[in-house]
C-alpha cells in the first residue's frame, strides 16, 4: 500500500516537499506532463533531484485540448490501495479521483494541494472565473486542502470547515549549504557590477505587468536611502521598464534571466528583497530570499506574505506607490550593506521563522488524524 500524489507537472519549488513525502510517508508520484511549459526549467535536472521515480499518466484531450482525461486512474488506485490521495486544485483530474472513489468504493482521503492566495479568495481576484466556480463545486467534496497562505486557511475553515497550512518552502538545511557554496559567484557579481560597500534592493521575477515593476521603479525613485536596484528576470515588459528606469534617481541594473546558483548568488548580495505583484498565487521567491538572510518587502496580494513578520520584513499595498517607497526605506535602514572588497563575504543566517522539517511533520500528522469526509 502506498499513498498517492497526482499533479500536472514537477514543480521545482516543491521538490523538497515531494522528497519528504516520499521518504517519510511512502507517497508515489504521478504527473500529467513531463514538461512544465510555463517557464523554461531544466526538467532533467529536476528529475535528478527527485528521491522517487516520477510516473506519467496516460491521457487523451477533450474540448479542443483544454482538458486531459486520465485513462488508468482506476487501475492505479486499485494497485496502490492508498489511505491518502493528494490531487491538484480544482482540475478534471481531481473530479475523476472523487468520482472513482465512489465507483470503486474505496475509503481513501482525497486532499487537494491548492495555491489560492487570500487576495484571490477574499477579494474575488481569481486568475479566471472557472477557477472560482470550480472551487465552490469541488472544495465541499474534498476531505481536506493543503493551502499555502495561513490567512487562506482561516477563510477555508470558515467557508468549508477544512484547510491545513503548507507554505511553499525549501529545505533550509540543504539551501543554506547551497548559499554558502555559491559565495564565489556572489563575489564575482560584486566585482562585475561594482557593488562592494553598497546596499542592494533585489527583484527576481518575470518582467510582466502583474509583477508591478513599473510602479516599483517609480517608488524607488522617491526613496531617500542609498542603494542599487538589481532586477533579475526577463519578459515582455523589459524594454519598457528599462526606459522607465532611465529617469530613476537610483542606479538600476537589469541582469537578465538567471537560474539556480546564479539566483542564489544574488540573494547572498541583496540587502532587501521586493515582491510587489498585484496578483500572485504565492511567490516562492520570498522563502528563497528569507533563507539567504534578506529582509523582504512583499505585496499584500501575494500568498507568501504569510512568511513575513516584524522580525524579517514588511507587507505593502502594491497599488500605493508611497507605501512601497516608505517600506523600502524602512527595510533598508534595518539592513546591512555588502562589505568592502577587503572584507570576507559571508553567508547570513536564515530569517525564516520556522523550519522545513517541523512544517512537513506537522502537516502530514494533521492529514493522518483528520476525519474523512466520506
Residue, farthest from residue 224 (Cα to Cα), within the range 250-269, restricted to residues that are at pLDDT 95 or above and in a loop (DSSP other than H, G, I, E, B): 251
Among (1) surrounded by fewer than 17 Cβ atoms within 10 Å (Cβ to Cβ); (2) closer than 22 Å to residue 127 by Cα, the one test that residue 318 misses: (1)
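Would you call residue 162 crowded, with 19+ Cβ neighbours inside 10 Å and outside the structural domain of residue 293 (by TED's automatic domain parsing)? Can you show your working first?
Values: crowded, with 19+ Cβ neighbours inside 10 Å: yes; outside the structural domain of residue 293 (by TED's automatic domain parsing): yes.
Judged against the criteria, residue 162 is a match.
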Residue match in the range 168-188 (condition: outside any strand (DSSP E or B), surrounded by fewer than 18 Cβ atoms within 10 Å (Cβ to Cβ), in contact with a strand residue (DSSP E or B) (Cβ under 9 Å, 6 or more places away or on another chain) and not assigned by TED's automatic domain parsing to the domain that holds residue 18): no
Residue that is nearest to the chain's Cα centre (by Cα) [pool: residues in the range 207-227 that are part of a loop (DSSP other than H, G, I, E, B) and surrounded by fewer than 17 Cβ atoms within 10 Å (Cβ to Cβ)]: 208
Which listed residue, of 260, 197, is surrounded by fewer than 16 Cβ atoms within 10 Å (Cβ to Cβ), within 27 Å of residue 176 (Cα to Cα) and over 25 Å from the mean Cα position of the chain (by Cα): 197
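The values are calculated or read from the model by the stated rules, or taken from the named source; none is laboratory data. What you see is a predicted model; the values in this text were computed from it and never measured. Neighbour counts run over all protein chains shown; Cβ positions are idealised from the backbone, glycine included.
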